[in-house]
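Here is the structure we will look at, set down as structure tokens.
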Amino acid sequence: MVNQIAVFMENRKGRILELTKALKEAGLDLITLSIADTKDFGILRCIARDNDLAEKTLKSAGFTVTVNALIGVEVEDRPGGLSDALSLLEDGDINVEYLYSFAHAATKRAVIMFKVSDEAKAVEVLKRHNIRILDNADL
Amino acid sequence: MSYFQKNVECMPRGELTALQGERLSALVKYVYERVSFYRAKMDAIKLKPSDVKSIADIVKLPFTDKNDLRDNYPFGMFAMPKKDVARIHASSGTTGKMTVVGYSANDLDIWATVMARSLTCAGVTRESTVHVAYGYGMFTGGLGAHCGAEKIGAAIVPASSGNTARQITFLKDFEATTLCCTPSYAAYIAESLAEAGYTAKDLKLQSGVFGAEPWSEAMRAKIEKGLGIKAYDVYGLSEIMGPGVSIECDAREGLHVWEDHFYPEILDAGLERVEDGKSGELVFTTLTKEALPLIRYRTRDLCTLDSSPCKCGRTHARMGKILGRTDDMLIVRGINVFPSQIETVLMQTGYVSTNYQIVVGREKSTDTMEVRVELNSDMFGDEVKKLESLRDDLEKRVYSALGLKVRVRLVEQNTIPRSEGKAARVIDSRKL
């Protein structure tokens, strides 16, 4: 499983910059960063190279932080790669709450990160199809 | 059960009433001779000092309020020349002039005595260590609590307000047994203690004496849990004395008003006295104050009064928790709203921190009300829909408590300004 940091953010000007500055000052490298936004607030989700230090850093900088586990899988970077992985979950009647992905051009592999309705079941389904579940060190 | 002045605190009511009558009658003569303000008011209704013989005659007397103090700024209402005044306190009004109050040496001694009685109710003895985190200075909180603890002979840590990390170090290292501050600051200290990785077990605190702003039972539970203490509500206002006008005893069924010095009345909107148990505006007469005696001073605080005997043995009447203020009551779309109602709703959920802010505005001639609440780290999930349903749930709860549709806005932790004096809970931006 991959640990992800989620940060609650009001829609305030300069707030993302403050967060990235805090990470920069602690010498932290980001692997992923995405933001879900609504009219009033946003949730920033990120994974850092040293996730534990990032969590501590952001908490002490006053951010509202939570850490949660995502299912990460690696697929081939080709048409249908994501669809094949999703259809396994669909067959297992598992709902995807959100997902994001990133591709490595050099290795022709893509990483997909899922938040699902039933985590245990999703892990079981993926393992049954010999799909390796990634952890933070694999990113 | 321990008392500071058992003979006074447990005085039979008949004797207490007689004492109040004597003191009122002397007070009326005193102010008639010394304060032109009272002389003019009494002359206008053809009331002679000799017409006030017993405490029942108090209803003949005219009222005073904050405007009278402001109009007579700074010393016009004082019954003593400046040379005999021993101390001055002042509170900054939200609008206009400050309210200035003065004390003679004797007044200060009485204040220390009623505060000593109050702290004794909260278990303070001469062996105690009392940490005072009320602001010291022109605000009466700091010095009021200080002098009461001194009268008992306890050790005092005069920390004043601010620098919470340092407060926690003092509390830990100096082994305070009683904390005095505002309830919102006590809650903040409890939060900060947990954030710093400590628990209540790292402190020696046993009790807390909290006042200067209204607070709910839910907030009390939270403070008691966070600091591992028994929390007592103390009440006071600088015009009447400062903290120590009334306090809860161990029974915690209301706050004993030290009636030998402060005579309480509860009045309805028409300024008629109401019977015990009915809520109304709390009005005080200072029976013994020399420098700035006030007759039938309207506090604007709403509460009830109960003169029945208390389990603790004290005979002095108990006022209920302050239900709100006649002047911080908001009227939003025609509905009366007290900030304390919102606080109760929020605390019951357990989702959100003790800090909230109410913002009232007006859009297209309709009132709008937004409640800003800080989101706790523990309650924050990573999904948008969870936060949205949390917000919707809060809106629903406020609606069912107030009958008023409000907008709840979740904000980041520690973004609502913490006030170390009285918390500023309400921003009313309507141009009324």
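Tell me which residues, restricted to the range B:26-49, are open to solvent by 20 Å² or more (accessible area, probe 1.4 Å) and either among the acidic types (Asp, Glu) or under 28 Å from the mean Cα position of the chain (by Cα) (or both).
As a first pass, look at the range B:26-49 and keep what is open to solvent by 20 Å² or more (accessible area, probe 1.4 Å): B:26, B:29-30, B:32-34, B:36-37, B:39-41, B:43-46, B:48-49.
Passing the criteria: B:Glu33, B:Phe37, B:Asp43.
Among the candidates A:Lys127, A:Lys115, A:Lys108, single out the residue that is within 21 Å of B:Asp378 (Cα to Cα), open to solvent by 10 Å² or more (accessible area, probe 1.4 Å), outside the structural domain of A:Val7 (by TED's automatic domain parsing) and not polar (S, T, N, Q).
A:Lys115
Could you please give the count of residues in the range B:53-71 that are at pLDDT 95 or above and under 30 Å from the mean Cα position of the chain (by Cα)?
11
Quick check on my filter: what residues within the range A:37-52 are out of contact with any strand residue (DSSP E or B) (no Cβ under 7 Å at 6 or more places or on another chain) and more than 11 Å from chain B (Cβ to nearest Cβ)?
A:Asp50, A:Asp52
Does the range A:16-36 contain any residue that is facing chain B (nearest Cβ under 10 Å) and free of Cβ contacts under 8 Å to residues at least 12 places away in the same chain?
From the range A:16-36, those facing chain B (nearest Cβ under 10 Å) are A:36; that's our starting set.
Among the residues that remain, those that are also free of Cβ contacts under 8 Å to residues at least 12 places away in the same chain are: none.
There is no residue in the range A:16-36 that is facing chain B (nearest Cβ under 10 Å) and free of Cβ contacts under 8 Å to residues at least 12 places away in the same chain.
Of all residues in the range A:20-53, count the ones that are more than 15 Å from the chain's Cα centre (by Cα), buried (at least 16 other Cβ atoms within 10 Å of the Cβ) and not in a strand (DSSP E or B). Quick ask: steps written out before the conclusion?
To start, the set of residues in the range A:20-53 that are more than 15 Å from the chain's Cα centre (by Cα) comprises A:20-28, A:37-42, A:53.
In the following step, the residues that additionally are buried (at least 16 other Cβ atoms within 10 Å of the Cβ) were identified as A:22-23, A:26, A:28, A:41-42.
From the residues that got through so far, the ones that are not in a strand (DSSP E or B) too are A:22-23, A:26, A:28.
Adding up the residues that qualify gives 4.
Can you tell me which residue is surrounded by the most Cβ atoms within 10 Å (Cβ to Cβ) among those in the range A:57-95 that are assigned to a loop (DSSP other than H, G, I, E, B) and away from chain B (no Cβ under 14 Å)? Show your work before the answer.
Residues of the range A:57-95 assigned to a loop (DSSP other than H, G, I, E, B): A:61-63, A:77-80, A:92-95.
With away from chain B (no Cβ under 14 Å) added as a condition, the list becomes A:77-80, A:92-94.
Values: A:Asp77: 17, A:Arg78: 11, A:Pro79: 7, A:Gly80: 10, A:Gly92: 16, A:Asp93: 10, A:Ile94: 21.
So, considering only residues that are assigned to a loop (DSSP other than H, G, I, E, B) and away from chain B (no Cβ under 14 Å), the one surrounded by the most Cβ atoms within 10 Å (Cβ to Cβ) is A:Ile94.
Output the residues belonging to the range B:358-376 that are hydrophobic (A, V, I, L, M, F, W, C) and farther than 13 Å from B:Arg391 by Cβ.
B:Ile358, B:Val359, B:Val360, B:Met369
Yes or no, residue by residue, for (1) open to solvent by less than 10 Å² (accessible area, probe 1.4 Å); (2) assigned by TED's automatic domain parsing to the domain that holds B:Asn106; (3) at pLDDT 95 or above; (4) over 30 Å from B:Ala105 (Cβ atoms):
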{"residue": "B:Leu203", "(1), (2), (3), (4)": "no, yes, yes, yes"}
{"residue": "B:Ser238", "(1), (2), (3), (4)": "no, yes, no, no"}
{"residue": "B:Glu259", "(1), (2), (3), (4)": "yes, yes, yes, no"}
{"residue": "B:Gly270", "(1), (2), (3), (4)": "no, yes, no, yes"}
{"residue": "B:Thr285", "(1), (2), (3), (4)": "yes, yes, yes, no"}
{"residue": "B:Thr288", "(1), (2), (3), (4)": "no, yes, yes, no"}
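Looking at the range B:321-371 only, could you name the residues that are assigned to a strand (DSSP E or B), of a type in the set (A, V, I, L, M) and closer than 27 Å to B:Tyr188 by Cβ?
If the condition is that a residue be assigned to a strand (DSSP E or B), of a type in the set (A, V, I, L, M) and closer than 27 Å to B:Tyr188 by Cβ, then B:Leu330, B:Val337, B:Val352, B:Ile358, B:Val359, B:Val360, B:Met369, B:Val371 are the ones that fit.
What residue, among those in the range A:96-119 that are of a type in the set (Ser, Thr, Tyr) and outside any loop (DSSP other than H, G, I, E, B), is nearest to the other protein chains (Cβ to nearest Cβ)? Let's see the steps before the verdict.
As a first pass, look at the range A:96-119 and keep what is of a type in the set (Ser, Thr, Tyr): A:98, A:100-101, A:107, A:117.
With the extra rule that they be outside any loop (DSSP other than H, G, I, E, B), the set shrinks to A:98, A:100-101.
Numbers: A:Tyr98: 7, A:Tyr100: 12, A:Ser101: 17 Å.
Ranking the qualifying residues of the range A:96-119, first place goes to A:Tyr98.
Having 1 or more residues that are surrounded by fewer than 18 Cβ atoms within 10 Å (Cβ to Cβ) is the bar; report the strands (runs of 3 or more DSSP E) wholly within the range B:55-136 that clear it.
Filter on the range B:55-136 gives B:87-91.
Identify the residue in the range B:174-201 that is of a type in the set (Asp, Glu) and over 16 Å from B:Val132 (Cβ atoms) and, among all such residues, is surrounded by the most Cβ atoms within 10 Å (Cβ to Cβ).
If we take residues in the range B:174-201 being of a type in the set (Asp, Glu) and over 16 Å from B:Val132 (Cβ atoms), then B:Glu191 is surrounded by the most Cβ atoms within 10 Å (Cβ to Cβ).
Among the numbered criteria (1) open to solvent by less than 10 Å² (accessible area, probe 1.4 Å); (2) outside the structural domain of B:Ala190 (by TED's automatic domain parsing); (3) more than 18 Å from B:Pro214 (Cα to Cα); (4) of a type in the set (A, V, I, L, M), which single criterion is violated by B:Leu390?
Tallying (1) open to solvent by less than 10 Å² (accessible area, probe 1.4 Å); (2) outside the structural domain of B:Ala190 (by TED's automatic domain parsing); (3) more than 18 Å from B:Pro214 (Cα to Cα); (4) of a type in the set (A, V, I, L, M), B:Leu390 fails exactly one: (1).
Can you tell me how many residues within the range B:361-376 are surrounded by fewer than 15 Cβ atoms within 10 Å (Cβ to Cβ) and within 14 Å of chain A (Cβ to nearest Cβ)?
Number of matching residues: 1.
Note down all Cβ pairs under 8 Å where the first residue falls in the range B:179-199 and is hydroxyl-bearing (Ser, Thr, Tyr), the second is assigned to a loop (DSSP other than H, G, I, E, B) and open to solvent by less than 10 Å² (accessible area, probe 1.4 Å), and they're at least six residues apart or on different chains.
Once the first residue is hydroxyl-bearing (Ser, Thr, Tyr) and sits in the range B:179-199, its partners that are assigned to a loop (DSSP other than H, G, I, E, B) and open to solvent by less than 10 Å² (accessible area, probe 1.4 Å) give B:Thr182/B:Tyr134; B:Tyr185/B:Ala133.
Which numbered condition in (1) closer than 26 Å to B:Asp428 by Cβ; (2) in contact with a Phe, Trp or Tyr (Cβ under 6 Å, 6 or more places away or on another chain) is the only one that B:Leu292 fails?
Every condition holds for B:Leu292 apart from (1).
Just to be sure, is B:Gly334 more than 21 Å from the chain's Cα centre (by Cα), open to solvent by 50 Å² or more (accessible area, probe 1.4 Å), closer than 28 Å to B:Asn72 by Cα and not acidic (Asp, Glu)? Reasoning before the result, please.
Details: more than 21 Å from the chain's Cα centre (by Cα): yes; open to solvent by 50 Å² or more (accessible area, probe 1.4 Å): yes; closer than 28 Å to B:Asn72 by Cα: no; not acidic (Asp, Glu): yes.
The answer is no for B:Gly334.
Report yes if some residue within the range B:341-351 is crowded, with 17+ Cβ neighbours inside 10 Å, under 20 Å from B:Val411 (Cβ atoms) and within 14 Å of chain A (Cβ to nearest Cβ); otherwise report no.
There is at least one residue in the range B:341-351 that is crowded, with 17+ Cβ neighbours inside 10 Å, under 20 Å from B:Val411 (Cβ atoms) and within 14 Å of chain A (Cβ to nearest Cβ).
What pairs can you find where one residue is in the range B:410-429 and away from every other protein chain (no Cβ under 14 Å) and under 28 Å from B:Ser238 (Cβ atoms), the other is crowded, with 17+ Cβ neighbours inside 10 Å and at pLDDT below 75, and their Cβ atoms are less than 7 Å apart, with a gap of 6+ or different chains?
Once the first residue is away from every other protein chain (no Cβ under 14 Å) and under 28 Å from B:Ser238 (Cβ atoms) and sits in the range B:410-429, its partners that are crowded, with 17+ Cβ neighbours inside 10 Å and at pLDDT below 75 give B:Val426/B:Asp328.
Tally time: how many residues in the range A:1-15 are farther than 28 Å from A:Asp118 by Cα and at the interface with chain B (Cβ under 10 Å from one of its Cβ atoms)?
3
The values are calculated or read from the model by the stated rules, or taken from the named source; none is laboratory data. In this text, all values refer to a predicted model and were calculated from it rather than measured experimentally. Note that each Cβ is placed from the backbone with ideal geometry, even for glycine, and that neighbours are counted across all protein chains shown. Surface areas here come from the heavy atoms of the whole protein model, side chains and all, with no ligands, DNA or RNA. Shrake-Rupley method; radii C 1.70, N 1.55, O 1.52, S 1.80 Å.
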